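First comes the structure, then the notes that go with it.
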Amino acid sequence: MLFVILGSTTLSYSQSEKEIVSKYRDALHKVADEESVQSMALKGTFTSQKLSFPAAIYYRAPNLRVEMSFQSLMFLQISNDSIRWEYNPMEEKNTITPITKKDDWTAGTNSFDFINYDLLNYKELKHKLKIVGKEKVDSLDVYVLELSKNDKTRTKFLINTKNGLIYKIEDLKGYRYFANYSNQNGYVFPRYIMESGQNRDLEAHFSQLTFNVNLPDSLFVIPEDALAGKDVKTKNNRSNVMSIGDSLYASGDYRQAVQHYTKAIKANEKNEFAYNARGLAKLALKEYYEAIADFNTAAEINPLSANPRNNLGLAKYYLGDHTGALKDYDKALGLDPNLGVAYNNRGIIYLEDDKNELAEKDFSAVIKLDSTNGLAHFRLGVALAEQEKYEAALKSYARARRNKYNSADVHNYQGVSEYRLERYDSATACFKRALSLEPMHLQYIENYGRALYELGNYKAASEQFENYLNEKDDNASIYNLRGLCKFNDQDYRGAIDDFSKSIKLNEKEATYYDNRASAKEMIEDYEGAIKDYGESIRVYPNDPNVFYRRGMIKINTSKKLEGCMDLATANEMKYEPANEAIISNCH
């Protein structure tokens, strides 16, 4: 995921280090006190390498338990103040790591740095703290603090000037982002966390937060077999062949994954998970009909499972069967009204079928289930824009970016809404940001050029259309746009050349003939202009302005009778200037 620093500039600042840390302490409320959080339970979704997993974190000082599920496999990590145990069911591997430093029990969960006691207690710990500056990062104003410990390590903190909370931490381990802070009865916690560094990228979206909950001892017990160096099999494990299949699927080797899932099915023909997993692998291989067969079998084995129904809908969607896909998504949601992926998939179909009000409802449902889903905010914005609710769409795009969906597409669609609202300066800035992320995206180049054109910056707009044509020289519309730029810069012959290229690529667009006729008028090639207006009328005979323009040229070139006939036609089509021209020229 790309996090873009927008217009990062150093600003003046007046608060001291002490005041900023004091505001940070106040913003944390109860969690600023180390002893106030005795336990907590967090549930949500982890995303790594484009794969998402249901996850849970349980903490009771000094113990920590992290769970991640993938197709019924359970990844586990349990830590206390002396050792950390990790279990990878795909490899059926146990790892025991001694903990030698005070805080190493949190290794692998640097996400909790948002409660940074080194920063809160920097004076007592005799750390050095200084203000580096005040900047605008991702549209937020932040204070930048640098903490130097006695061991010479340095950590940079970016603290939101508005709420006083940590937005980003940078150190030798990498960086962490924190957003969507929630206050649960005085306990503050970010619902979105993103980590990157040390060969690891991880996003966490938390939907449930509970503090000082009663957690049983059994959650934090490390199996005796693991302590003795023996293999451990959890009750949620499936067969080794299934685990290998999941690992192959995760690595993108779908063909080999299918073979292993098939072995698992032969071992147990009632294994709904194996059929569902094999269906997903076949889906990735674009073997849609075979995938449908597997999802149907999984649904027959367990009629109450929503996932196979959702996956059936996805396979039918890829086959272009929107009606069948919608029925399956409806069934999936009937089985599980909280299945966000089904709302999302159904919303995509509604968006493609121009049922934008229904798409709006579905993406809103996704957001209700997970308000930190930036992609859902973006898609909601698209649905709103398609209904010409541009201001509301802009708010959704802003929420998408705040929730770390900061793709080039967001900036482009934001620019389109600004363009529709005729705020061309803002639109230009949006398209420029989109191009900074994807410099050769032709749609962004075209949109940027159009916005520049509306601002009257014809030279810069023409350069953008030139960039487009250097990559793809068969787009009649772009030649026409570049021709208009040249026309407005009074390069009429250059404009005629571009309009001619547009016509060569598309002889059925009347506008191109109109534009070339106008340029020919400017160089006094009236016969050429008359001919082009004639071609325009042949292609589209219902534009009174074209009859009027041709008629006026004929009158001014001693073809009064023909010209008056054109004006009469324009007048019959209720074109007001034609009546005045007839009175002045044809009586």
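A short reminder: the numbers here are calculations on the coordinates, not readings from a lab. These numbers were taken from a predicted model, which means no experiment stands behind them. Backbone-built Cβ (ideal geometry, glycine too); neighbour counts: all protein chains shown.
For this structure, a couple of remarks:
- Toward the positive end of the charge dipole of the chain, with +1 on the Cβ of Lys and Arg and -1 on the Cβ of Asp and Glu, the farthest Cα among Tyr181, Gly347, Asn571 is that of Tyr181.
- FRET efficiency, 1/(1 + (r/R0)^6) with R0 51 Å, evaluated for Glu300 and Tyr175 via beta carbons: 0.60
- Taking the chain as a whole, the Cys residues whose C-beta sits 4.7 Å or farther from every other Cys C-beta are Cys430, Cys485.
- Within region 481-587, the percentage of alpha carbon pairs spaced more than 17 angstrom apart rounds to 52%.
- Computed label-point distance, nm, for sites Ser584 and Asp141 using a 7 Å Cα→Cβ extension: 5.7
- Candidate cross-link partners of Lys508 among the lysines, defined by an alpha-carbon separation under 19 Å and a same-chain spacing of 8 or more, comprise Lys531.
- Likely footprinting exposure, Thr45, Thr95, fewest C-beta neighbours within 10 Å first: Thr95, Thr45
- DSSP-assigned coil residues among trypsin sites (Lys or Arg not before Pro) in region 453-531, each with at most 15 further Cβ atoms within 10 Å: Lys472, Lys508
- Pairwise FRET efficiency - Ala61 versus Asp330, Cβ, R0 = 41 Å, nearest 0.05: 0.30
- Candidates Leu561, Tyr468, Val546 compared by Cα position along the dipole of the chain: farthest toward the positive end lies Tyr468, with charges placed on Cβ.
- Each Lys and Arg contributes +1 and each Asp and Glu -1, all at the Cβ; summed about the Cα centre of region 253-303, the dipole is approximately 160 debye.
- Placing +1 on the Cβ of every Lys and Arg and -1 on the Cβ of every Asp and Glu, with nothing else charged, gives the chain a dipole about its Cα centre of roughly 1420 debye.
- Close Lys pairs in region 238-321, defined as Cα atoms under 18 Å apart and 8 or more places apart or on different chains, number 4.
- Each residue, Arg420 and Tyr117, gets one label point 7 Å from its Cα in the Cβ direction; the gap between the two is 5.2 nm.
- R0 of 45 Å, Cβ-Cβ distance Glu124-Lys43: FRET efficiency to nearest 0.05: 0.85
- If the segment from Lys395 to Asp151 were pulled out straight at 0.36 nm per residue, it would be longer than the present Cα-Cα gap by 83.3 nm.
- Under 21 Å from Lys130, Cα to Cα: lysines that are on another chain or at least 8 residues apart: Lys18, Lys23, Lys149, Lys152, Lys156, Lys162, Lys168, Lys173
- With one equal scatterer per alpha carbon and no solvent term, the Debye-computed log10 I(q)/I(0) for region 238-321 at 0.12, 0.21, 0.23 1/Å reads -0.29, -0.89, -1.04.
- Convex hull per residue volume in Å³, alpha carbons only, for the chain: 203
- Residues listed by number, region 264-291, amide nitrogen under 19 Å from Arg255 label point at 7 Å toward C-beta: 278-291
- Given their separation in residues at 0.36 nm each and the Cα-Cα distance between them, Asn556 and Thr95 gain 156.8 nm when the chain is fully extended.
- Classified by the C-alpha gyration tensor, region 412-548 has a prolate form. Its axis ratio a/c, with a ≥ b ≥ c, is 1.5 or above, and a/b is larger than b/c.
- Modelled this way, with points 7 Å down the Cα-to-C-beta line, the labels at Glu471 and Asn214 are 6.2 nm from one another.
- Alpha-carbon centroids, region 115-134 and region 249-291: separation in whole Å: 52
- Think of region 238-321 as having a plus end and a minus end, set by charges on the Cβ of Lys, Arg, Asp and Glu; of Met242, Leu319, Ala291, Met242 sits farthest toward the positive end of this dipole.
- Shown for Val221, Val341: other C-beta atoms within 10 Å of each C-beta, ranked fewest to most, produce the order Val221, Val341.
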